[in-house]
1. Can you name the residue in the stretch B:758-785 that is over 12 Å from B:A610 (Cα atoms) and among the hydroxyl-bearing types (S, T, Y) and, of all such residues, is modelled with the lowest pLDDT?
2. Any idea which residue in the stretch A:62-78 is nearest to the other protein chains (Cβ to nearest Cβ), counting only those that are more than 17 Å from B:V428 (Cβ to Cβ), out of contact with any Gly (no Cβ under 9 Å at 6 or more places or on another chain) and not basic (K, R)?
3. Can you pull out the residues in the stretch B:596-610 that are within 41 Å of the chain's Cα centre (by Cα) and at pLDDT 95 or above?
4. Of the residues B:D813, B:D820, only one is acidic (D, E), buried (at least 21 other Cβ atoms within 10 Å of the Cβ) and within 30 Å of A:N33 (Cα to Cα); which?
5. Answer yes if at least one residue in the stretch B:420-427 is at pLDDT 95 or above and surrounded by fewer than 22 Cβ atoms within 10 Å (Cβ to Cβ), and no otherwise.
6. Among the residues of the stretch B:272-292, count how many are of a type in the set (D, E) and outside any strand (DSSP E or B).
7. So which strands (runs of 3 or more DSSP E) are wholly in the stretch B:367-419 and hold at least 2 residues that are under 22 Å from B:T541 (Cβ atoms)?
8. Looking only at strands (runs of 3 or more DSSP E) that fall completely inside the stretch B:671-779, which ones have 3 or more residues that are away from every other protein chain (no Cβ under 14 Å)?
Amino acid sequence: MRIPCPWCGSRAVDEFVYGGDASVTRPAVTETNAEKWLDYLYARQNPKGAHREFWQHEKGCRHWLVVERDTVTNEIRSVHFADEAGP
Amino acid sequence: MRRISGRGDVNRAQPLHFTFDGRQMFGCEGDTVASALLANGVSLVGRSFKYHRPRGIYSAGPEEPNALVSIGEGEHRTPNLQATTVRLRDGMIVESQNRWPSLAFDIQSANQLLGPFLSAGFYYKTFMGPVKGAWMAYEKLIRRAAGLGNPPVGPSSDEFETIHDYCDVLVVGGGLAGLAAAVDAAKEGSRVLLTERDERLGGMALATPAASLEREAFSSLSEQLDEMPNVRVLKRSTVFGAYDHGVFGLVENTDTGKNLRVVHANRSIMATGAYEQPIVFPGNDLPGVMLASAARTYLNRYGVLCGQDIVIYSTNDSAFDVAVDLAERAASVTVLDTRVVVDPFDENRLHDAGVDLYLGARVTRATGARRVSGVDAQGMGFSGVLPCDCLCVSGGWSPVVHLTSHNGTKPVWSDSNNAFLPGDLDGVPWSAVGAANGDYRPVPDARKVTGPGWRTPIKPAEPLRHAKAFVDLQNDVTSKDVAQAHSEGFSAVEHLKRYTTLGMGTDQGKLSNIPGLSLMAEIAGKSIPETGITTFRPPFTPVPLGALAGEEVGEDFHHWRRSPLAVVHEEDGAVMTVSGLWQRAWYYKENGATVDDAYIREMEIVRSHAALCDVSTLGKIDIEGPDATEFLNLIYTNGFNTLPVGKARWGIMLRDDGYILDDGTTSRIAEHRYFMTTTTANAGRVFSSMESLLQTSWTDLEVSVTPVTDQWAAMVLAGPESRAVLRKVVDGREVNDESIPFLAVRDRVIAGCPVQILRVSFSGELSYEIYTKAGEGPKVWRAIRSAGAGLFGLEALGALRIEKGHVAGNELDGRTTLSDLGLEKVASSKKPFVGSVLMHRPGLSEPGRFQLVGLESETHLPLGTGSVLAIDGFEGAGDGRVTSATWSPELNRHIALALLKDGRSRHGSVVTVLNPARGIVTKARVRDPHFLDPAGDRMHV
């Protein structure tokens, strides 16, 4: 697999580390409801098909990325920096 | 069956000596082991997997199911190599497999007589059935009786390397189709990588005679290719896997070993060719039975004639070329064709070549003992026995669709091709060309009338349910087994494979999948596409584990990290040890001959004088930005917003789930700048977690984090005399409790080098951490040494902190909480922080959890790390565990930190300590973990 890093270009997957599901949103730091934290940590959809996920270009620019990947075909539909708005 | 003159490309002027089962033999340069064995008159090369039947050489390539041999001797012997793909080398030692006591007389061939009992599912039914323990009893016997070669006992002598390779166009296969594709792609200006399994390009053209149309086409393409600087050719290289996004795995054979190449290609062209398929009939596994194309290859490429009286049993036109070539040299050639009509052109040329052709024929069995000696055949106008010493079969052609299927694309059945072709490769920048795509003849013979030609049905000549008609030669699966699988309900192809083992093994059914599923289709009364095909997965051919490991073996298994102070450890006579990836100074020879002597002496020096220890391995992170304070306040459980510039604070971080992530000290260097240290073990984890939070969640915080572990050398100067030592070396500034108070961070100069001094204590003594530029570390270290500091290593460092009751990596193992370690007070209740909500989950503080305690041995026996604790009797996993243990010179006894069930309420009681690994059972008294100076007077002087 290869991932097109918006900073470094298309690179081998070995340079990246998977960083979890990007479709869940981290609760605000002031959130005190334990259920919401448990949902954020453990509740996953595990979809077949399109999936938004975090990858870090760990052995490259170290950017965290949001990658939209098809879990069946590994087709990568979009990539953007995690700290910027996506498509 | 000997080498004949005037044929073949091998170099007869260059004879190569080799042995087969100890017999001296000669081959030629250019031979494979198989062609050399055939040239030496060897027809029997191995015994079969299950029935120990005599087997010979069946093919001339990587589809070979039978001719598996061991090569080499001693610990460098490699088993299960295909004689048909290994290039012969001078001095090679070749041995047959799965025979005892000898190949010619194999005692276990009596298994053949047990044939009726060893049918599909025999093992499951017999040994996994009602008699419990039967498998346990018989496994050893069966494992010895069945199987292939023995594994090597030592490390491989091959050299392995991993290489990343890049190209615009990857062409897999150097036959005519591949060469033509490479030339076309190169003309467009692409960087082309052409790979070929064989040591020579040409593919099936090499099986044709010297003056053939194919050879002409090959010469012309080779010449064009040679002129193209943008084409690279890798021979002796097999692509074994196709992965997503144009990534391919390839094993390249070199003269000294094997390279694993990971090829990244923008586009790829599969020119992988096709395999000629066998025909299933009783006795089809006898030595002397082989694929027709293989006999042609041995003749035209290697100059070896596989028989004198040759029968060719075929279903398609490809065998006619074979017959014509063989007829030039063999005494007699007879073609038995299953079809009732063939192209008149072919009939004429066979007649001209002196070949007898029988149409509408079928072979009912091949006969012979250790080699085929005749066939029973019948057909239009004849019936009888044909004596022969070689039986060539051609059951049609099946494209090599393995690689195009590795991404999950199923091959599709083509009625017009009578074969499975690569599936829909939409969305993948791949294409398949030539025989791999069902176009078998790159250079059509213009004289031929167009007809089905090579594309003939690959179904068996007739439904067979015979115990000696082999569908899978490598796994000894017969047509009777397939019929039995159907009658027992295992008719889906994936079930058929697993129930009978058809298509398993080192050849992965390259010659058995198609006959097997077409036989199943026949028996089940279905079409082949309805029956389907099993899934192809990497690897296409076996990949040695050594090639996958590459250079990452032995001491290169992982990289080593050396402290910037490594050079002084050498000077100081340190004994080094491995801690994670780091090489660390364990103890110093000047303090004792063994680690046990030395670390106790080193602890005494720290407790009564002053000594230096290298702590450069600590994780170090630079944190800068207007929101740095707020950031730290969010990731540490304790407050950081009141920390003044020039001061440091010890803190703990949790994970989101409420468990402890790490501890460390962070100093405020300037208003918006901090210097964080983490434990050695968790440095990477802490930094990654910080990056993740800042880039994925708290994106509005203006903070920049930079790992600076390698930029700093760090050392600890500890002991009651450490201030006096420091005073001698610090340039031009006072060193006292006022100028550097506890938890202060100060910029100073030592030996002309700027340093950052941090007054913290891990050992419980008056102590300073001194940070300096990595390159200046040795200079600063030597200066402090010269001022009278002793030395202590990792072992003493650990022992000192155990005496002090400080937790470290062994206690912060990802399973402990603040309350487990008695550190609830470190969590602020006035602010949110990572883990602040879930740390209050009831399960993380409920009774019965293991809590940190100190243990004092009640005996002279040590309390080994990892020992299990028992409060009353020993039950289950015990009531706790020893996390860190040492001898304490201070208490003059063995002590330990431990996690004990409800430990804080058990102070004063005695527990049993079991160390089964060291055979120690002892008693220890539970106590507070702070063995030494609980008030902290020593470090606050």
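The values are calculated or read from the model by the stated rules, or taken from the named source; none is laboratory data. All values reported here derive from a predicted model rather than from experimental measurement. Don't worry about glycine lacking a Cβ; one is built from the backbone with ideal geometry, like all the others, and counts go over all protein chains shown.
1. First pass over the stretch B:758-785, keeping only residues over 12 Å from B:A610 (Cα atoms): B:758-762, B:764, B:769-783.
Narrowing further to those that are among the hydroxyl-bearing types (S, T, Y): B:761, B:771-772.
Values: B:S761: 94, B:Y771: 98, B:T772: 98.
Checking each candidate, the answer is B:S761.
2. A:H63
3. We begin by selecting, within the stretch B:596-610, every residue within 41 Å of the chain's Cα centre (by Cα); these are B:596, B:599.
Of everything in the stretch B:596-610, just one residue is within 41 Å of the chain's Cα centre (by Cα) and at pLDDT 95 or above, namely B:Y599.
4. Values: B:D813 fails: buried (at least 21 other Cβ atoms within 10 Å of the Cβ).
Only one candidate qualifies: B:D820.
5. Here is the first cut: in the stretch B:420-427, the residues at pLDDT 95 or above are none.
No, every residue in the stretch B:420-427 fails to be at pLDDT 95 or above and surrounded by fewer than 22 Cβ atoms within 10 Å (Cβ to Cβ).
6. We begin by selecting, within the stretch B:272-292, every residue of a type in the set (D, E); these are B:276, B:285.
Filter once more, so that each one left must be outside any strand (DSSP E or B): B:285.
Qualifying residue count, the stretch B:272-292: 1.
7. On the way: elements: B:372-379, B:382-387, B:390-394, B:397-399, B:412-414.
Ranges flagged: B:397-399.
8. Details: elements: B:673-678, B:704-707, B:712-718, B:745-750, B:753-758, B:767-773.
The strands (runs of 3 or more DSSP E) meeting that bar are B:673-678, B:712-718, B:745-750, B:753-758, B:767-773.
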